[in-house]
1. Counting only residues that are under 18 Å from GLY33 (Cα atoms) and either under 23 Å from the mean Cα position of the chain (by Cα) or in a helix (DSSP H, G or I) (or both), how many does the stretch 91-109 have?
2. List pairs: first residue in the stretch 96-107 and surrounded by 11 or more Cβ atoms within 10 Å (Cβ to Cβ), second residue among the small types (Gly, Ala, Ser) anywhere in the structure, Cβ distance under 7 angstrom, at least six positions apart or on different chains.
3. From the list ALA107, ALA120, ALA94, exactly one residue is more than 18 Å from VAL29 (Cα to Cα) and at pLDDT below 90. Which is it?
4. Could we say that VAL133 is in a loop (DSSP other than H, G, I, E, B), surrounded by 12 or more Cβ atoms within 10 Å (Cβ to Cβ) and modelled with pLDDT under 90 here?
5. Can you tell me which residues in the stretch 12-41 are in contact (Cβ under 8 Å) with a residue 60 or more places away in the chain and closer than 18 Å to PHE64 by Cβ?
6. In the list PHE52, PHE64, which residue meets the criterion of being surrounded by 14 or more Cβ atoms within 10 Å (Cβ to Cβ), part of a helix (DSSP H, G or I) and modelled with pLDDT under 90?
Amino acid sequence: MQTISDRSAVGASVAADLPPVLAGAALAVSAVGAVLAFAGLDSPLRAPLALFYLVAAPAEAAVFALRRLEPLARMVASISGAVLIDVLTAESMAGLHLWSTRNGIAAVGVISLLLFLLGAGVNRSGCDRESPVKNTET
């Protein structure tokens, strides 16, 4: 029989594993939306999943690039950055007369990939929260 402390440890483990699982599920759903929109398949899920892709892809790339920030600040910055990327991409493509659904999906995908690669190159050793504090008085 499990004790209360065993149940709380299991609950804490599940709660710690939940954000990466949700991020992976969001990535899978957004990839399906991109494929449906890019391929031009007729499906009732095409529009909502493509819209989810247009927000989720740059947001997930920004979350990865901003991993030094606190979780709430990272979430707010990534969502607002995703909306900014979408608006600027649509505005610039419409101004250049290049706008189409496929071009928009491809442009947001390329920008998200570049943002992800930029985040992959960030040196984590410079993070202040991870460096140990040395006591100089001893």
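The values are calculated or read from the model by the stated rules, or taken from the named source; none is laboratory data. No experiment lies behind these values; they were computed from the predicted model shown. As a convention, Cβ positions derive from the backbone with ideal geometry for all residues, glycine included, and neighbour counts pool all protein chains shown.
1. Summing the residues that are under 18 Å from GLY33 (Cα atoms) and either under 23 Å from the mean Cα position of the chain (by Cα) or in a helix (DSSP H, G or I) (or both) in the stretch 91-109 gives 9.
2. TRP99/ALA90; THR101/ALA37; GLY104/ALA90; ILE105/ALA34; ILE105/ALA37; ILE105/ALA50
3. The conditions single out ALA120.
4. Values: in a loop (DSSP other than H, G, I, E, B): yes; surrounded by 12 or more Cβ atoms within 10 Å (Cβ to Cβ): no; modelled with pLDDT under 90: yes.
Considered against the rule, which asks whether it is in a loop (DSSP other than H, G, I, E, B), surrounded by 12 or more Cβ atoms within 10 Å (Cβ to Cβ) and modelled with pLDDT under 90, VAL133 comes out as no.
5. Keep residues of the stretch 12-41 that are in contact (Cβ under 8 Å) with a residue 60 or more places away in the chain, which gives 34, 37-38, 40.
Once the filter is applied, which keeps residues that are in contact (Cβ under 8 Å) with a residue 60 or more places away in the chain and closer than 18 Å to PHE64 by Cβ, the stretch 12-41 yields only ALA34.
6. On the way: PHE52 fails: modelled with pLDDT under 90.
Result of the check over PHE52, PHE64: PHE64.
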